[in-house]
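Single-structure report; data block below.
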Amino acid sequence: MSTTSDAIRSAEAHSAHNYHPLPVVVASAEGAWMTDVEGRRFLDMLAGYSALNFGHGNRRLIDAAKAQLERVTLTSRAFHHDRFAEFCGQLAQLCGKEMVLPMNTGAEAVETAVKTARKWGYRVKGVPDGMAKIVVAANNFHGRTTTIVSFSTDPEARADYGPYTPGFEIVPYGDLTALSAAVTENTVAVLLEPIQGEAGVLVPPAGYLPGVRELTRERNVLFIADEIQSGLGRTGKTFACEHEDVVPDLYVLGKALGGGVVPVSAVVGSAEVLGVFRPGEHGSTFGGNPLACAVGLEVIAMLRTGEYQQRATELGEHLHHELGLLAGTGAVQTVRGRGLWAGVDIDPAFGTGRQISERLMDRGVLVKDTHGSTIRIAPPLVISKEDLDWGLDQLRAVLAHE
Ligand SMILES: Cc1ncc(COP(=O)(O)O)c(C=O)c1O
């Protein structure tokens, strides 16, 4: 019996089966490469759903974490600590905003944005108590809490978790007319992913995000951009909204903000909006802890160099050029995406996304399927062009052999 199958059997015996991981057991990782318990190497073309934009074991991030581990790791928000103000100030500046509300996971940050919008609606906009509405898009993915799955359109994510939280209106993604019709005087926010990640890296039609910005401004509604997966370099800009010169009212950030080291998330916005909270009205024991702030500060400093955005732009152009050559020929139906991020729809006759992912794994490349026959490609932004080309060679080989 191999070490791999032992580890998988043990995991299946002792953990809930809420995931169906590829049968690889990672033991260590560096940059864009992971090594499994049997010493086999794999190119990571998923990067923890963009949580690992800066690669595994990034020296700057590990050093920042280690230095902070030796000083102080947790205070709770009952006390101030000496990394907090710096982190919030720097993050607000990176976003061109004034205030930050730090949390831990992406879902918590989305919940925080929902609470912010409702409170803003009641206290600032004057929506009658209990009437606030938030408009969201079909095929969204914003996390796994009971409120968030209440406005999911994915039966797998949603089934058997009712009763569901009311107050959400779902409209087709990319459809401004439908959005406009859904916004009423009690609407407090429109919550969107600027590119829908889980849905298969869906880029909305040009003009959609500026249209949402204009509509929300005109109707006194907050525009909340969930940039948890699309933000912090992945698309070639710090924020995916920047591609269309759009500045939302609230940024929701997570994943790469923790550098793949610790969970760090945040909602970032103006003092008028985030200023609605008073002490005791929202919080988190771990949100904004010293270790999270130290790592987050290093992430912000790294993004400030522009180096990672540039890599995502250049390598992304190459990735999309190469994938574009495959699109419409043989197994590949369509390719979408922006920067170092792609959704590749495989002709179901060639195999499911899962089967393609397994065949890629056998050739030393790790990706993740979504929605049946789509595979997502999102390597760490530190990947070399040679490694990216090697990964693409493996994809071509897998597709050629079916
Ligand atoms: C756009 C988006 N929002 C929210 C989340 C939820 O983040 P977390 O898994 O950290 O709760 C995700 C995770 O994939 C995401 O892609």
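Values as computed for the structure displayed
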quantity: Selection within the stretch 13-33 - outside any loop (DSSP other than H, G, I, E, B) and either surrounded by 11 or more Cβ atoms within 10 Å (Cβ to Cβ) or in contact with a strand residue (DSSP E or B) (Cβ under 9 Å, 6 or more places away or on another chain) (or both); calculated: VAL26, ALA27, SER28, ALA29, GLU30, GLY31, TRP33
quantity: Count of the stretch 115-156 residues which are under 18 Å from GLN196 (Cα atoms) and out of contact with any Lys or Arg (no Cβ under 7 Å at 6 or more places or on another chain); calculated: 18
quantity: Output for the stretch 278-310, where each listed residue is among the charged types (D, E, K, R) and free of Cβ contacts under 8 Å to residues at least 40 places away in the same chain; calculated: ARG278, GLU307
quantity: Residue count for the stretch 194-206, restricted to those that are within 19 Å of ALA47 (Cα to Cα) and in a loop (DSSP other than H, G, I, E, B); calculated: 6
quantity: Selected residue [among the charged types (D, E, K, R), at pLDDT 95 or above and within 18 Å of the chain's Cα centre (by Cα)] from ARG338, ARG304, ARG359; calculated: ARG338
quantity: Test: residue in the stretch 216-223 that is more than 14 Å from the chain's Cα centre (by Cα), in a strand (DSSP E or B), surrounded by 24 or more Cβ atoms within 10 Å (Cβ to Cβ) and not hydroxyl-bearing (Ser, Thr, Tyr); calculated: yes
quantity: Any hit, the stretch 53-74, residues being surrounded by 16 or more Cβ atoms within 10 Å (Cβ to Cβ), under 30 Å from VAL344 (Cα atoms), among the small types (Gly, Ala, Ser) and within 16 Å of the ligand (Cβ to nearest atom); calculated: no
quantity: Subset of the stretch 93-125 (residues that are farther than 15 Å from LEU191 by Cα, aliphatic (A, V, I, L, M) and away from the ligand (no atom under 12 Å from the Cβ)); calculated: LEU94, MET99, VAL100, LEU101, VAL124
quantity: LEU61 vs. criteria in a helix (DSSP H, G or I) and under 20 Å from GLY259 (Cβ atoms); calculated: yes
quantity: Hits in the stretch 238-262 (condition: more than 13 Å from the ligand (Cβ to nearest atom), on the phi > 0 side of the Ramachandran plot and surrounded by 24 or more Cβ atoms within 10 Å (Cβ to Cβ)); calculated: GLY259
quantity: Given (1) crowded, with 24+ Cβ neighbours inside 10 Å; (2) in contact (Cβ under 8 Å) with a residue 60 or more places away in the chain, number of the condition LEU192 does not satisfy; calculated: (2)
quantity: Condition broken by VAL273, with the remaining ones in (1) assigned to a loop (DSSP other than H, G, I, E, B); (2) closer than 29 Å to THR184 by Cα satisfied; calculated: (1)
quantity: Top-ranked residue of the stretch 132-169 - restricted to ones that are closer than 19 Å to ALA225 by Cα and away from the ligand (no atom under 16 Å from the Cβ), ranked as surrounded by the most Cβ atoms within 10 Å (Cβ to Cβ); calculated: VAL135
quantity: Exclusive hit being without any contact (Cβ under 8 Å) to a residue 12 or more places away in the chain and either within 16 Å of the ligand (Cβ to nearest atom) or over 21 Å from the mean Cα position of the chain (by Cα) (or both), set THR184, THR177; calculated: THR177
quantity: THR334 without any contact (Cβ under 8 Å) to a residue 24 or more places away in the chain, surrounded by fewer than 16 Cβ atoms within 10 Å (Cβ to Cβ), over 28 Å from THR238 (Cβ atoms) and β-branched (Val, Ile, Thr); calculated: no
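Every residue, every condition in (1) of a type outside the set (Ser, Thr, Tyr); (2) in contact with a Phe, Trp or Tyr (Cβ under 9 Å, 6 or more places away or on another chain); (3) closer than 20 Å to LEU69 by Cβ, yes or no:
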| site | (1), (2), (3) |
| --- | --- |
| SER230 | no, yes, no |
| VAL252 | yes, no, no |
| VAL261 | yes, no, yes |
| SER270 | no, no, no |
| GLY296 | yes, yes, yes |
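So that you can scan it fast, the table gives a plain yes or no per residue for (1) among the aliphatic types (A, V, I, L, M); (2) out of contact with any Gly (no Cβ under 8 Å at 6 or more places or on another chain):
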residue: SER76; (1), (2): no, yes
residue: ALA85; (1), (2): yes, yes
residue: GLU98; (1), (2): no, no
residue: ALA109; (1), (2): yes, no
residue: VAL124; (1), (2): yes, yes
residue: MET131; (1), (2): yes, yes
residue: THR146; (1), (2): no, yes
residue: SER152; (1), (2): no, yes
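The values are calculated or read from the model by the stated rules, or taken from the named source; none is laboratory data. All of these numbers come straight from a predicted model, not from anything done at the bench. Ideal geometry is used to build each Cβ from the backbone, glycine not excepted, and the neighbour counts take in all protein chains shown.
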